[in-house]
Amino acid sequence: MKYRSRIDTISQILDAADGSGGTTGSKIADRAFLNSRQLKENLTALVESDLTRHDGFTQTFNLLKQV
């Protein structure tokens, strides 16, 4: 099996989270083929860099629109 770079992994996360509404972490993990540790590490980095936002009420992740 080929190893993915971090850029490839993040790209797949962003593709999986791309939707009109929020996407749950488990759906992102399923679509990007990640385990929970990989998902948590990468989503934390994406939230800290302001590429995604976590909605604590609905427990979903949303992409932030960049201008």
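Just so it is clear, none of the values below were taken in a lab; they were calculated from the coordinates. Quantities reported herein were computed from a predicted structural model and do not represent experimental measurements. Note: ideal-geometry Cβ built from the backbone for every residue, glycine included; neighbour counts use all protein chains shown.
What lysines sit close enough to Lys65 to cross-link, taking a C-alpha to C-alpha distance under 29 Å and skipping anything fewer than 8 places away on the same chain?
Lys27, Lys40
For the range 6-63, just the Cα set please: Rg and Dmax, both in angstrom.
When restricted to the Cα atoms of the range 6-63, Rg and Dmax are 10.0, 29 Å.
If one takes the longest principal axis of the Cα atoms in the chain, at what angle in degrees, from 0 to 90 and to the nearest 10, does the Cα axis of helix 36-48 lie?
50 degrees
How far apart, in nm, are the 7 Å Cα→Cβ label points at Glu48 and Leu14?
Output for this residue pair reads 1.8 nm.
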